[in-house]
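Shown next, in structure tokens, is the structure this report addresses.
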Amino acid sequence: MIRSGPEGNTLCLLWLLMLTEAGKCNRGGYLMISDSLPYTEETLNILTGISLSTVRLGLIAFAELGMIDRKDGAIFIKNWRKYQSE
């Protein structure tokens with residue numbers, strides 16, 4: 001579904017990069033720079049080289065599809081174990 005929409009291929013790349021980053025963070029699917037500093041839209045823009053508007057579009061799409069959520073300002077991958085082994 002994502003690939004057939006606007007910026008579909010780029011959003012799929014963003015998703016894969018987010019999964020990779022969440023694995024590197026090693027915080028149970030949370031995208032965190034440190035224990036108290038979560039990734040932001042801007043952080044994802046800088047890390048991935050994907051435009052800020054496309055990152056925002058992706059985060060909205062991923063949330064609507066139940067792929068991510070936010071808690072205390074942090075983005076986390078829902079069903080983390082489904083995507084990567086901890």
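The values are calculated or read from the model by the stated rules, or taken from the named source; none is laboratory data. Since this is a predicted model, take the numbers as computed values, not measurements. Here Cβ is always computed from backbone atoms with ideal geometry, including for glycine, and neighbour counts include all displayed protein chains.
Observations, loosely collected:
- Residue pairs meeting the criteria (Cβ under 8 Å; at least 6 apart or on separate chains; first aromatic (Phe, Trp, Tyr), in segment 1-28; second part of a helix (DSSP H, G or I)): TRP15/GLY58; TRP15/PHE62
- For segment 4-17, the condition holds for at least one residue, the condition being that it is exposed (fewer than 13 other Cβ atoms within 10 Å of the Cβ), outside any loop (DSSP other than H, G, I, E, B), at pLDDT 95 or above and of a type in the set (A, V, I, L, M, F, W, C).
- Counting only helices (runs of 4 or more DSSP H) that fall entirely inside segment 29-86 and contain at least 2 residues that are of a type in the set (D, E, K, R), surrounded by fewer than 18 Cβ atoms within 10 Å (Cβ to Cβ) and touching a helix residue (DSSP H, G or I) at 6+ places or on another chain (Cβ under 9 Å), the qualifying elements are 41-48.
- For segment 3-41, the candidate set comprises residues that are more than 15 Å from SER51 (Cα to Cα) and acidic (Asp, Glu); within that set, the residue that is farthest from the chain's Cα centre (by Cα) is ASP35.
- Taking the numbered list (1) in contact with a strand residue (DSSP E or B) (Cβ under 6 Å, 6 or more places away or on another chain); (2) more than 19 Å from LYS82 (Cα to Cα); (3) of a type in the set (Gly, Ala, Ser) in turn, ALA22 passes all entries but (2).
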